[in-house]
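One structure below.
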Amino acid sequence: MAVAVCLFCACSQRHTAISLAEDFIDANAGEPAKIENRDFGKLGITCRVADTTVTSLQARQNELYKAGIDYPAFHQGDTLYYIRMKFTYQGDTLSQTFYLDKMLEHVVAVK
């Protein structure tokens with residue numbers, strides 16, 4: 001029974017992470033429909049991302065996304081979830097990593 005509950009929670013968290021990433025793409029991509037064949041990996045967790053790295057990722061211009069995205073605050077040592085997405089864009093197969101806050105409510109950065 002405990003294993004079933006753990007699996008359900010993990011699946012539920014992954015589903016939430018995928019929804020956050022999809023919503024982020026829909027709200028911030030210049031042409032979301034061109035980001036095709038989206039395939040998400042496993043949900044991971046880390047506390048080893050430096051605040052300078054997150055700040056750099058937030059400031060980086062990415063050709064897929066609009067400028068001036070308003071990201072939530074991040075503090076050194078905050079635990080982050082991450083999920084990788086492979087996708088096709090203009091015939092190329094690419095990947096991105098979405099970093100999510102520990103409450104699984106916001107995308108904090110994209111790499």
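Listing for the model above:
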| item | result |
| --- | --- |
| Shape call, the chain: gyration tensor on alpha carbons, a/c limit 1.5 | oblate |
| Gaussian network model of the chain, springs between alpha carbon atoms under 10 Å - residue of Glu31, Glu22, Glu63 with greatest fluctuation | Glu63 |
| Segment Glu31-Glu63, length gained on full extension (0.36 nm per residue, minus Cα span) | 10.5 nm |
| Gln76 versus Cys47: modelled label distance in nm, points set 7 Å from Cα along the beta carbon direction | 1.5 nm |
| Cβ-based net charge around Phe40, under 11 Å, with every Lys or Arg adding one and every Asp or Glu removing one | +3 |
| Rel. contact order, % - alpha carbon contacts under 8 angstrom, at least six apart, the chain | 30 percent |
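Every read-out reported here was derived from the displayed coordinates using simple, explicitly stated rules and does not represent laboratory data. Quick caveat, the model's predicted, so the values are computed rather than measured. Note that each Cβ is placed from the backbone with ideal geometry, even for glycine, and that neighbours are counted across all protein chains shown.
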